[in-house]
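Okay, structure first, notes after.
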Amino acid sequence: MSVEQVRLEELVEIANPQHPHCATALVLDISGSMQGDKIRQLNEGLSIFRDDVLSDDLARKRVEAGIVTFGSQVHVAHPFASIDALPTARLSASGSTPMGEAILRSIELVRRRKDDYRAAGTDYYRPWIFLLTDGQPTDMKPGDAKWNEVTEAVHSGEHSGEFLFFCVGVEPADMGLLTQLAPPERPPVQLRPGRFREMFLWLSQSQRRVSASRVGEQLALPSPQGWAEITTS
Amino acid sequence: MLDTAAPLVLGAAVAGPSHIANGLPCQDAYAHTTTADGTLLVAVADGLGSAARSHVGARMAVTAATTIDPAHDPFDTAVAMIEAAREAVGTDPSLACTFIGVAARPNEVAVVHIGDGAVVADSVLSGPGPSEYVDVTDPLTASDWRHRVRFTSALGVRRIAVFTDGCQRAALLRGHAHPGFFDPLFTYAQRGGDAAGIETLLSGPKLSEHSEDDKTLVLAVLDAS
(Lines give C-alpha, C1' and ligand atoms only; values in the text may rest on other atoms or scores of the structure.)
Protein backbone atom coordinates (compact mmCIF):
# COMPACT_ATOMS: atom_id res chain seq x y z
CA MET A 1 0.00 0.00 0.00
CA SER A 2 1.12 3.56 -0.63
CA VAL A 3 1.64 5.88 2.31
CA GLU A 4 -1.63 7.64 1.47
CA GLN A 5 -3.51 4.34 1.40
CA VAL A 6 -2.09 3.21 4.71
CA ARG A 7 -3.10 6.46 6.29
CA LEU A 8 -6.62 6.11 4.87
CA GLU A 9 -7.13 2.78 6.66
CA GLU A 10 -5.86 4.38 9.86
CA LEU A 11 -7.68 7.69 9.56
CA VAL A 12 -11.14 6.50 8.61
CA GLU A 13 -13.44 6.03 11.60
CA ILE A 14 -16.32 3.59 11.64
CA ALA A 15 -19.58 5.34 12.53
CA ASN A 16 -21.48 2.41 14.02
CA PRO A 17 -19.19 -0.50 14.85
CA GLN A 18 -21.96 -2.90 15.77
CA HIS A 19 -23.35 -6.03 14.28
CA PRO A 20 -27.03 -6.08 13.39
CA HIS A 21 -28.99 -8.28 15.78
CA CYS A 22 -31.32 -11.15 15.19
CA ALA A 23 -33.74 -11.75 18.09
CA THR A 24 -35.37 -15.15 18.57
CA ALA A 25 -37.92 -15.74 21.30
CA LEU A 26 -38.25 -19.41 22.24
CA VAL A 27 -41.70 -19.97 23.75
CA LEU A 28 -41.53 -23.38 25.41
CA ASP A 29 -44.19 -25.63 26.90
CA ILE A 30 -42.91 -27.03 30.20
CA SER A 31 -46.28 -28.30 31.42
CA GLY A 32 -46.58 -31.60 33.34
CA SER A 33 -47.04 -33.63 30.16
CA MET A 34 -43.54 -32.66 29.06
CA GLN A 35 -41.99 -34.55 31.97
CA GLY A 36 -39.51 -37.30 31.26
CA ASP A 37 -38.11 -37.82 27.80
CA LYS A 38 -39.57 -34.70 26.22
CA ILE A 39 -38.17 -32.19 28.70
CA ARG A 40 -34.83 -33.98 28.64
CA GLN A 41 -34.69 -33.72 24.85
CA LEU A 42 -35.82 -30.11 25.01
CA ASN A 43 -32.96 -29.26 27.36
CA GLU A 44 -30.46 -31.08 25.14
CA GLY A 45 -31.89 -29.31 22.13
CA LEU A 46 -31.30 -25.91 23.68
CA SER A 47 -27.63 -26.74 24.18
CA ILE A 48 -27.35 -27.98 20.62
CA PHE A 49 -28.96 -24.79 19.35
CA ARG A 50 -26.61 -22.67 21.38
CA ASP A 51 -23.46 -24.57 20.43
CA ASP A 52 -24.27 -24.62 16.74
CA VAL A 53 -24.90 -20.88 16.60
CA LEU A 54 -21.71 -20.28 18.58
CA SER A 55 -19.74 -22.27 16.03
CA ASP A 56 -20.65 -19.72 13.35
CA ASP A 57 -18.39 -16.68 13.42
CA LEU A 58 -20.98 -14.23 12.16
CA ALA A 59 -24.07 -15.70 13.84
CA ARG A 60 -22.43 -15.73 17.27
CA LYS A 61 -22.10 -11.94 17.06
CA ARG A 62 -25.61 -11.36 15.79
CA VAL A 63 -28.07 -13.90 17.20
CA GLU A 64 -29.87 -13.09 20.43
CA ALA A 65 -32.12 -15.55 22.19
CA GLY A 66 -34.76 -15.18 24.87
CA ILE A 67 -36.84 -17.90 26.53
CA VAL A 68 -40.43 -17.71 27.75
CA THR A 69 -41.69 -20.88 29.45
CA PHE A 70 -45.24 -21.83 30.29
CA GLY A 71 -46.21 -24.46 32.85
CA SER A 72 -47.38 -23.64 36.35
CA GLN A 73 -46.94 -20.04 35.29
CA VAL A 74 -45.67 -17.94 32.44
CA HIS A 75 -42.06 -17.08 33.10
CA VAL A 76 -39.44 -15.15 31.20
CA ALA A 77 -36.83 -17.81 31.93
CA HIS A 78 -34.17 -15.92 30.04
CA PRO A 79 -34.50 -12.32 28.85
CA PHE A 80 -33.01 -11.45 25.49
CA ALA A 81 -29.24 -11.58 25.44
CA SER A 82 -26.48 -12.61 23.08
CA ILE A 83 -26.40 -16.30 22.29
CA ASP A 84 -23.37 -17.07 24.41
CA ALA A 85 -25.37 -16.05 27.48
CA LEU A 86 -28.01 -18.73 26.88
CA PRO A 87 -27.97 -20.67 30.11
CA THR A 88 -27.27 -24.37 30.42
CA ALA A 89 -29.53 -24.43 33.50
CA ARG A 90 -32.07 -27.18 33.03
CA LEU A 91 -35.77 -26.59 32.54
CA SER A 92 -38.12 -28.87 34.46
CA ALA A 93 -41.72 -29.66 33.65
CA SER A 94 -44.87 -29.31 35.74
CA GLY A 95 -48.24 -27.59 35.76
CA SER A 96 -50.78 -26.67 33.12
CA THR A 97 -50.52 -24.87 29.79
CA PRO A 98 -51.05 -21.08 29.86
CA MET A 99 -50.06 -20.82 26.20
CA GLY A 100 -52.10 -17.70 25.43
CA GLU A 101 -50.41 -15.61 28.06
CA ALA A 102 -46.99 -16.94 27.04
CA ILE A 103 -47.55 -15.91 23.44
CA LEU A 104 -48.63 -12.42 24.44
CA ARG A 105 -45.63 -12.12 26.73
CA SER A 106 -43.25 -13.14 23.96
CA ILE A 107 -44.72 -10.60 21.55
CA GLU A 108 -44.22 -7.92 24.17
CA LEU A 109 -40.66 -9.11 24.79
CA VAL A 110 -39.87 -8.82 21.10
CA ARG A 111 -41.37 -5.34 20.89
CA ARG A 112 -39.30 -4.16 23.83
CA ARG A 113 -36.15 -5.66 22.36
CA LYS A 114 -36.70 -3.68 19.18
CA ASP A 115 -37.07 -0.54 21.32
CA ASP A 116 -33.73 -1.39 22.92
CA TYR A 117 -32.12 -1.79 19.50
CA ARG A 118 -33.48 1.50 18.27
CA ALA A 119 -32.33 3.29 21.41
CA ALA A 120 -28.84 1.87 20.95
CA GLY A 121 -28.74 2.60 17.22
CA THR A 122 -28.34 -1.11 16.49
CA ASP A 123 -29.66 -2.49 13.19
CA TYR A 124 -31.80 -5.60 13.40
CA TYR A 125 -33.41 -8.36 11.40
CA ARG A 126 -37.09 -9.29 11.62
CA PRO A 127 -37.40 -11.19 14.92
CA TRP A 128 -38.58 -14.78 15.30
CA ILE A 129 -41.06 -16.20 17.77
CA PHE A 130 -40.77 -19.97 17.99
CA LEU A 131 -43.54 -21.77 19.90
CA LEU A 132 -43.17 -25.37 20.97
CA THR A 133 -46.06 -27.17 22.68
CA ASP A 134 -47.25 -30.69 23.36
CA GLY A 135 -50.77 -29.88 24.48
CA GLN A 136 -53.78 -27.63 24.39
CA PRO A 137 -53.89 -24.23 26.02
CA THR A 138 -55.50 -24.16 29.45
CA ASP A 139 -55.87 -20.37 29.61
CA MET A 140 -57.98 -19.96 26.49
CA LYS A 141 -60.09 -21.91 24.04
CA PRO A 142 -61.17 -21.25 20.47
CA GLY A 143 -63.71 -18.43 20.37
CA ASP A 144 -63.23 -16.96 23.83
CA ALA A 145 -61.90 -13.45 24.41
CA LYS A 146 -58.36 -14.53 25.22
CA TRP A 147 -58.21 -16.77 22.18
CA ASN A 148 -59.37 -13.95 19.94
CA GLU A 149 -56.85 -11.57 21.44
CA VAL A 150 -53.94 -13.99 21.05
CA THR A 151 -54.86 -15.15 17.57
CA GLU A 152 -55.34 -11.59 16.37
CA ALA A 153 -51.95 -10.59 17.79
CA VAL A 154 -50.21 -13.53 16.11
CA HIS A 155 -51.91 -13.12 12.76
CA SER A 156 -51.59 -9.35 12.49
CA GLY A 157 -48.00 -9.42 13.75
CA GLU A 158 -46.97 -11.92 11.09
CA HIS A 159 -48.98 -10.20 8.40
CA SER A 160 -47.60 -6.74 9.12
CA GLY A 161 -44.05 -8.05 9.21
CA GLU A 162 -43.58 -7.33 12.90
CA PHE A 163 -42.16 -10.82 13.47
CA LEU A 164 -42.07 -14.32 12.01
CA PHE A 165 -44.16 -16.78 14.03
CA PHE A 166 -43.24 -20.45 13.94
CA CYS A 167 -45.36 -23.06 15.65
CA VAL A 168 -44.29 -26.63 16.39
CA GLY A 169 -46.61 -29.23 17.89
CA VAL A 170 -45.21 -32.21 19.78
CA GLU A 171 -47.41 -35.30 20.20
CA PRO A 172 -50.15 -35.12 21.59
CA ALA A 173 -50.60 -31.46 20.62
CA ASP A 174 -53.88 -30.56 18.93
CA MET A 175 -52.65 -29.69 15.44
CA GLY A 176 -56.10 -28.53 14.36
CA LEU A 177 -56.14 -25.98 17.14
CA LEU A 178 -52.59 -24.89 16.37
CA THR A 179 -53.54 -24.42 12.73
CA GLN A 180 -56.12 -21.84 13.79
CA LEU A 181 -53.66 -20.17 16.12
CA ALA A 182 -50.69 -20.03 13.75
CA PRO A 183 -50.55 -17.44 10.96
CA PRO A 184 -52.23 -18.64 7.77
CA GLU A 185 -49.00 -17.80 5.92
CA ARG A 186 -47.08 -20.17 8.16
CA PRO A 187 -49.02 -23.24 9.28
CA PRO A 188 -47.76 -25.26 12.25
CA VAL A 189 -45.62 -28.32 11.83
CA GLN A 190 -45.67 -31.47 13.91
CA LEU A 191 -42.46 -32.78 15.37
CA ARG A 192 -41.61 -36.31 14.34
CA PRO A 193 -41.22 -38.36 17.51
CA GLY A 194 -37.89 -37.89 19.19
CA ARG A 195 -36.58 -35.35 16.69
CA PHE A 196 -35.89 -32.48 19.11
CA ARG A 197 -32.23 -32.46 18.24
CA GLU A 198 -32.88 -32.17 14.51
CA MET A 199 -35.41 -29.41 15.09
CA PHE A 200 -33.04 -27.34 17.20
CA LEU A 201 -30.30 -27.81 14.64
CA TRP A 202 -32.72 -26.62 11.96
CA LEU A 203 -33.41 -23.58 14.13
CA SER A 204 -29.72 -22.78 14.57
CA GLN A 205 -29.02 -23.32 10.86
CA SER A 206 -31.89 -20.99 10.03
CA GLN A 207 -30.61 -18.35 12.40
CA ARG A 208 -27.20 -18.64 10.83
CA ARG A 209 -28.77 -17.98 7.45
CA VAL A 210 -30.74 -15.01 8.71
CA SER A 211 -27.68 -13.42 10.28
CA ALA A 212 -25.82 -13.60 6.98
CA SER A 213 -28.72 -12.46 4.87
CA ARG A 214 -29.44 -9.46 2.74
CA VAL A 215 -32.14 -10.93 0.65
CA GLY A 216 -35.01 -8.60 -0.12
CA GLU A 217 -38.27 -10.14 0.96
CA GLN A 218 -37.73 -13.89 0.84
CA LEU A 219 -35.36 -15.85 3.01
CA ALA A 220 -34.78 -19.45 1.96
CA LEU A 221 -34.79 -21.62 5.06
CA PRO A 222 -33.30 -25.09 5.24
CA SER A 223 -35.80 -27.90 4.71
CA PRO A 224 -37.48 -29.12 7.90
CA GLN A 225 -37.80 -32.59 6.42
CA GLY A 226 -35.53 -34.19 8.99
CA TRP A 227 -37.82 -33.40 11.89
CA ALA A 228 -41.24 -32.30 10.69
CA GLU A 229 -44.32 -34.31 9.79
CA ILE A 230 -46.65 -33.00 7.14
CA THR A 231 -49.84 -32.36 9.09
CA THR A 232 -53.13 -33.11 7.40
CA SER A 233 -55.39 -31.61 10.06
CA MET B 1 -19.52 30.54 -19.39
CA LEU B 2 -18.50 29.19 -16.01
CA ASP B 3 -14.94 28.08 -15.83
CA THR B 4 -15.24 25.03 -13.64
CA ALA B 5 -12.88 22.09 -13.63
CA ALA B 6 -14.31 18.68 -14.47
CA PRO B 7 -15.45 16.66 -11.48
CA LEU B 8 -12.94 14.38 -9.83
CA VAL B 9 -14.45 10.92 -9.42
CA LEU B 10 -13.09 7.77 -7.91
CA GLY B 11 -14.88 4.62 -6.93
CA ALA B 12 -14.54 0.97 -6.12
CA ALA B 13 -16.75 -2.06 -5.54
CA VAL B 14 -15.53 -5.12 -3.68
CA ALA B 15 -17.05 -8.49 -2.87
CA GLY B 16 -17.80 -8.93 0.81
CA PRO B 17 -16.06 -11.61 2.90
CA SER B 18 -19.16 -13.82 3.02
CA HIS B 19 -19.52 -13.66 -0.75
CA ILE B 20 -15.89 -14.61 -1.18
CA ALA B 21 -16.23 -17.45 1.31
CA ASN B 22 -19.31 -18.81 -0.48
CA GLY B 23 -17.90 -18.40 -3.98
CA LEU B 24 -20.47 -15.74 -4.85
CA PRO B 25 -19.71 -12.89 -7.23
CA CYS B 26 -19.75 -9.30 -6.08
CA GLN B 27 -23.37 -8.27 -6.53
CA ASP B 28 -22.67 -4.55 -6.32
CA ALA B 29 -21.97 -2.48 -9.43
CA TYR B 30 -21.25 1.15 -10.15
CA ALA B 31 -20.58 3.37 -13.15
CA HIS B 32 -19.88 7.04 -13.73
CA THR B 33 -19.35 9.36 -16.63
CA THR B 34 -19.09 13.07 -17.30
CA THR B 35 -21.06 14.04 -20.37
CA ALA B 36 -19.97 16.54 -23.00
CA ASP B 37 -22.08 19.27 -21.44
CA GLY B 38 -20.43 18.74 -18.06
CA THR B 39 -23.09 16.70 -16.29
CA LEU B 40 -21.69 14.06 -13.96
CA LEU B 41 -23.69 10.83 -13.89
CA VAL B 42 -23.07 8.35 -11.10
CA ALA B 43 -25.02 5.10 -10.76
CA VAL B 44 -24.70 2.52 -7.99
CA ALA B 45 -26.67 -0.73 -7.68
CA ASP B 46 -26.70 -3.57 -5.16
CA GLY B 47 -28.02 -6.95 -6.28
CA LEU B 48 -30.24 -8.74 -3.77
CA GLY B 49 -28.64 -11.81 -2.25
CA SER B 50 -31.66 -14.00 -2.94
CA ALA B 51 -31.75 -13.12 -6.64
CA ALA B 52 -29.88 -15.60 -8.81
CA ARG B 53 -28.42 -13.16 -11.31
CA SER B 54 -28.54 -9.98 -9.33
CA HIS B 55 -24.90 -9.18 -10.15
CA VAL B 56 -25.99 -9.11 -13.80
CA GLY B 57 -29.02 -6.96 -12.96
CA ALA B 58 -26.88 -4.47 -11.04
CA ARG B 59 -24.41 -4.18 -13.90
CA MET B 60 -27.18 -3.73 -16.48
CA ALA B 61 -28.85 -1.04 -14.37
CA VAL B 62 -25.76 1.12 -13.86
CA THR B 63 -24.65 0.78 -17.48
CA ALA B 64 -28.06 1.79 -18.82
CA ALA B 65 -28.26 4.71 -16.38
CA THR B 66 -24.91 6.20 -17.37
CA THR B 67 -25.34 5.91 -21.12
CA ILE B 68 -28.37 8.20 -21.40
CA ASP B 69 -28.32 11.68 -22.89
CA PRO B 70 -28.57 14.17 -20.03
CA ALA B 71 -31.37 16.70 -19.88
CA HIS B 72 -30.64 20.32 -19.11
CA ASP B 73 -32.07 19.97 -15.64
CA PRO B 74 -30.36 17.47 -13.30
CA PHE B 75 -33.73 16.38 -11.89
CA ASP B 76 -34.95 15.36 -15.34
CA THR B 77 -31.63 13.65 -15.95
CA ALA B 78 -31.95 11.65 -12.74
CA VAL B 79 -35.45 10.56 -13.74
CA ALA B 80 -34.10 9.45 -17.11
CA MET B 81 -31.36 7.49 -15.35
CA ILE B 82 -33.75 5.39 -13.30
CA GLU B 83 -36.15 4.93 -16.19
CA ALA B 84 -33.27 3.56 -18.24
CA ALA B 85 -32.13 1.32 -15.39
CA ARG B 86 -35.65 -0.02 -14.87
CA GLU B 87 -36.06 -0.66 -18.57
CA ALA B 88 -32.85 -2.70 -18.51
CA VAL B 89 -33.87 -5.02 -15.65
CA GLY B 90 -37.65 -4.97 -15.99
CA THR B 91 -39.64 -7.05 -13.50
CA ASP B 92 -37.37 -10.10 -13.57
CA PRO B 93 -36.88 -10.99 -9.89
CA SER B 94 -33.62 -12.82 -10.66
CA LEU B 95 -32.12 -9.44 -11.58
CA ALA B 96 -33.40 -7.62 -8.48
CA CYS B 97 -31.18 -4.82 -7.22
CA THR B 98 -31.36 -1.51 -5.43
CA PHE B 99 -30.47 1.60 -7.41
CA ILE B 100 -29.05 5.06 -6.79
CA GLY B 101 -28.71 7.60 -9.62
CA VAL B 102 -26.98 10.95 -9.22
CA ALA B 103 -26.95 13.73 -11.81
CA ALA B 104 -24.70 16.65 -10.92
CA ARG B 105 -24.12 19.96 -12.61
CA PRO B 106 -22.01 22.81 -11.14
CA ASN B 107 -24.90 24.30 -9.21
CA GLU B 108 -27.34 21.50 -8.64
CA VAL B 109 -27.34 17.84 -7.75
CA ALA B 110 -30.33 15.52 -8.16
CA VAL B 111 -30.63 12.06 -6.66
CA VAL B 112 -33.05 9.27 -7.54
CA HIS B 113 -33.05 6.31 -5.15
CA ILE B 114 -34.79 3.00 -4.58
CA GLY B 115 -33.74 0.66 -1.80
CA ASP B 116 -30.91 1.14 0.66
CA GLY B 117 -27.42 2.56 0.44
CA ALA B 118 -27.08 6.34 0.61
CA VAL B 119 -25.81 9.61 -0.85
CA VAL B 120 -23.91 12.01 1.40
CA ALA B 121 -22.72 15.53 0.66
CA ASP B 122 -21.98 17.61 3.75
CA SER B 123 -24.85 15.67 5.30
CA VAL B 124 -27.09 12.88 4.11
CA LEU B 125 -28.80 13.82 0.84
CA SER B 126 -30.63 10.54 0.40
CA GLY B 127 -30.72 7.91 3.11
CA PRO B 128 -31.33 4.14 3.10
CA GLY B 129 -35.10 4.52 3.13
CA PRO B 130 -37.82 3.50 5.54
CA SER B 131 -37.08 -0.22 5.93
CA GLU B 132 -37.11 -1.36 9.54
CA TYR B 133 -35.04 -4.48 8.97
CA VAL B 134 -31.53 -4.83 7.59
CA ASP B 135 -32.46 -7.83 5.49
CA VAL B 136 -35.40 -6.21 3.73
CA THR B 137 -35.21 -3.51 1.07
CA ASP B 138 -37.01 -2.28 -2.07
CA PRO B 139 -35.74 -3.55 -5.43
CA LEU B 140 -35.89 -1.73 -8.77
CA THR B 141 -37.76 -4.73 -10.17
CA ALA B 142 -40.75 -4.30 -7.82
CA SER B 143 -44.04 -3.89 -9.67
CA ASP B 144 -44.84 -0.76 -7.64
CA TRP B 145 -41.33 0.67 -7.95
CA ARG B 146 -42.60 4.14 -8.87
CA HIS B 147 -44.21 4.41 -5.42
CA ARG B 148 -40.99 3.45 -3.69
CA VAL B 149 -38.57 5.77 -5.47
CA ARG B 150 -37.29 8.76 -3.53
CA PHE B 151 -36.09 12.01 -5.14
CA THR B 152 -33.78 14.63 -3.67
CA SER B 153 -32.32 17.83 -5.11
CA ALA B 154 -29.76 20.14 -3.56
CA LEU B 155 -27.94 23.32 -4.49
CA GLY B 156 -24.39 24.32 -3.73
CA VAL B 157 -23.10 20.77 -3.36
CA ARG B 158 -19.32 20.54 -3.73
CA ARG B 159 -18.68 16.91 -2.89
CA ILE B 160 -20.69 13.67 -2.91
CA ALA B 161 -20.25 10.14 -1.71
CA VAL B 162 -22.51 7.37 -3.01
CA PHE B 163 -22.41 3.96 -1.36
CA THR B 164 -24.21 0.65 -0.95
CA ASP B 165 -25.47 -0.75 2.34
CA GLY B 166 -22.26 -2.69 2.94
CA CYS B 167 -20.74 0.68 3.91
CA GLN B 168 -23.74 1.96 5.87
CA ARG B 169 -22.62 1.03 9.36
CA ALA B 170 -19.21 2.57 8.64
CA ALA B 171 -20.66 5.78 7.24
CA LEU B 172 -23.87 6.50 9.13
CA LEU B 173 -24.92 6.58 12.75
CA ARG B 174 -28.67 6.82 13.39
CA GLY B 175 -29.13 8.12 9.87
CA HIS B 176 -26.47 10.84 10.12
CA ALA B 177 -23.22 11.04 8.17
CA HIS B 178 -20.18 10.43 10.32
CA PRO B 179 -17.53 13.12 9.71
CA GLY B 180 -14.82 10.78 10.99
CA PHE B 181 -15.58 8.51 8.05
CA PHE B 182 -16.07 11.07 5.29
CA ASP B 183 -13.51 13.79 6.04
CA PRO B 184 -10.45 11.59 5.51
CA LEU B 185 -12.03 10.17 2.36
CA PHE B 186 -12.77 13.51 0.74
CA THR B 187 -9.34 14.79 1.73
CA TYR B 188 -7.84 11.72 0.11
CA ALA B 189 -9.80 12.38 -3.10
CA GLN B 190 -8.90 16.05 -3.17
CA ARG B 191 -5.22 15.27 -2.74
CA GLY B 192 -5.20 13.03 -5.77
CA GLY B 193 -5.76 9.67 -4.11
CA ASP B 194 -6.62 6.91 -6.55
CA ALA B 195 -9.38 4.33 -6.79
CA ALA B 196 -7.03 1.53 -5.76
CA GLY B 197 -6.82 3.11 -2.33
CA ILE B 198 -10.60 3.02 -1.99
CA GLU B 199 -10.64 -0.60 -3.07
CA THR B 200 -8.02 -1.48 -0.47
CA LEU B 201 -10.00 0.29 2.24
CA LEU B 202 -13.24 -1.47 1.31
CA SER B 203 -11.65 -4.91 1.38
CA GLY B 204 -9.58 -4.15 4.46
CA PRO B 205 -10.09 -5.30 8.05
CA LYS B 206 -11.67 -2.15 9.39
CA LEU B 207 -14.65 -2.23 7.05
CA SER B 208 -14.92 -6.02 6.95
CA GLU B 209 -15.12 -6.38 10.71
CA HIS B 210 -18.79 -5.49 11.02
CA SER B 211 -19.98 -5.97 7.48
CA GLU B 212 -19.64 -9.18 5.51
CA ASP B 213 -21.53 -7.67 2.61
CA ASP B 214 -20.32 -6.35 -0.76
CA LYS B 215 -19.22 -2.74 -0.58
CA THR B 216 -19.28 0.08 -3.11
CA LEU B 217 -18.15 3.64 -2.56
CA VAL B 218 -17.94 6.40 -5.17
CA LEU B 219 -16.50 9.80 -4.26
CA ALA B 220 -16.93 12.89 -6.39
CA VAL B 221 -15.46 16.34 -5.88
CA LEU B 222 -17.56 18.58 -8.06
CA ASP B 223 -15.38 21.63 -8.29
CA ALA B 224 -11.86 20.41 -8.05
CA SER B 225 -10.33 23.73 -9.03
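The values are calculated or read from the model by the stated rules, or taken from the named source; none is laboratory data. Everything quoted here is computed from the prediction, not taken from an experiment. Every residue, glycine as well, gets a Cβ built from its backbone with ideal geometry; the counts of neighbours run over all protein chains shown. Remember, those area values only see protein heavy atoms, side chains included, never the ligands or the DNA or RNA. Shrake-Rupley method; radii C 1.70, N 1.55, O 1.52, S 1.80 Å.
Observations on the model:
- Once the partner protein chains are put back, the stretch A:150-175 shows a loss of at least 10 square angstrom of accessible area, versus the chain by itself, at A:Gly161 (probe 1.4 Å, ligands and nucleic acids excluded).
- The stretch A:142-192 and the stretch B:40-112: distance between their alpha carbon centers, rounded to Å: 42
- Apolar share of the accessible surface for the stretch B:71-170: 50 percent from carbon plus sulfur atoms, 1.4 Å probe.
- Simple rule: put +1 on each Lys or Arg Cβ and -1 on each Asp or Glu Cβ in chain A, find the dipole, and look at A:Gln73, A:Ala59, A:Ser156; the Cα lying farthest toward the positive end is A:Gln73.
- Under the shape rule built on the C-alpha gyration tensor, where the axes satisfy a ≥ b ≥ c, the stretch A:14-67 is oblate, since a/c reaches at least 1.5 while a/b does not exceed b/c.
- Counting Cβ atoms of other protein chains within 10 Å of each Cβ in A:13-25 and taking the mean gives 6.
- Peptide B:172-184 shows a mean partner chain C-beta count of 4 within 10 Å per residue C-beta.
- Counting only lysines at least 8 places from A:Lys141 when in the same chain, those with an alpha carbon closer than 26 Å to its own are A:Lys38.
- Amide H within-cut-off set for B:Gly117, under 5 Å, with H built and near neighbours excluded: B:Asp165
- Mean shadow area of the stretch B:183-225 over all directions, Cα convex hull, nm²: 3.3
- For the stretch A:1-98, accessible area per residue (1.4 Å probe, heavy atoms of protein chains only), Å²: 41
- Rounded accessible area per residue of the stretch B:146-225, 1.4 Å, Å²: 41
- In the protein assembly as shown, a dipole from Cβ-located charges (positive for Lys and Arg, negative for Asp and Glu) runs towards its positive end, and of B:Ser18, B:Ala220, A:Gln207 it is A:Gln207 whose Cα lies farthest in that direction.
- Each helix, a run of at least 4 DSSP H residues, gives -39500 (n - 2.57); summed and divided by the residues of chain A, these come to -12500 deg cm²/dmol at 222 nm.
- Across the stretch B:39-55, computed HN-Hα scalar couplings (Karplus, 6.51 cos²θ - 1.76 cosθ + 1.60, θ = phi - 60°) run 8, 8, 10, 10, 10, 9, 9, 10, x, 5, x, 7, 9, 4, 10, 5, 5 Hz from first to last residue, x flagging Gly and Pro.
- Cα shape, chain B, gyration tensor, a/c 1.5 rule: oblate
- Here is the tail figure for chain A: Cα pairs spaced more than 27 Å apart come to 33 percent of all pairs.
- For the stretch A:1-107, the Cβ-based charge dipole about the Cα centre amounts to some 500 debye (Lys, Arg positive; Asp, Glu negative; other atoms uncharged).
- Radius of gyration, Dmax [the stretch A:92-154; alpha carbons; angstrom]: 14.4, 41
- Note that the stretch A:102-116 has calculated 3J(HN,Hα) couplings of 5, 5, 4, 5, 5, 5, 5, 4, 5, 4, 5, 5, 4, 4, 4 Hz, one per residue in order, obtained from phi through the Karplus relation 6.51 cos²θ - 1.76 cosθ + 1.60 (θ = phi - 60°); glycine and proline are x.
- By the compact-protein rule of thumb, 2.2 N^0.38 Å, the alpha-carbon radius of gyration of the protein assembly as shown corresponds to a ratio of 1.11.
- Simple Cβ-charge dipole of the protein assembly as shown, Lys/Arg +1 and Asp/Glu -1, about Cα centre, in debye nearest 20: 740
- On association of chains A and B, roughly 3400 Å² of accessible area becomes buried (total for both chains; probe 1.4 Å).
- When you count the other C-beta atoms within 10 angstrom of each residue and take the mean per peptide, A:183-196, B:42-55 line up highest first as B:42-55, A:183-196.
- On a per residue basis, the stretch A:159-224 carries 42 Å² of accessible surface, using protein heavy atoms and a 1.4 Å probe.
- Cα pair distances exceeding 25 angstrom across the stretch A:1-125, given as percent: 38
- The stretch A:47-92: trypsin sites (Lys or Arg not before Pro) falling in loop per DSSP and having at most 12 other Cβ within 10 Å: A:Arg90
- Residue-averaged 222 nm ellipticity for chain B, from DSSP H runs of 4+ at -39500 (n - 2.57), nearest 500: -8000 deg cm²/dmol
- With a 10 Å cut-off around each Cβ of B:128-138, the average count of Cβ atoms from other chains is 6.
- In a reduced charge model with +1 at each Lys and Arg Cβ and -1 at each Asp and Glu Cβ, the stretch B:136-225 shows a dipole moment near 360 debye about its Cα centre.
- Protection proxy ranking, peptides B:90-97, B:31-38, B:162-169, average beta carbon neighbours within 10 Å, highest first: B:162-169, B:90-97, B:31-38
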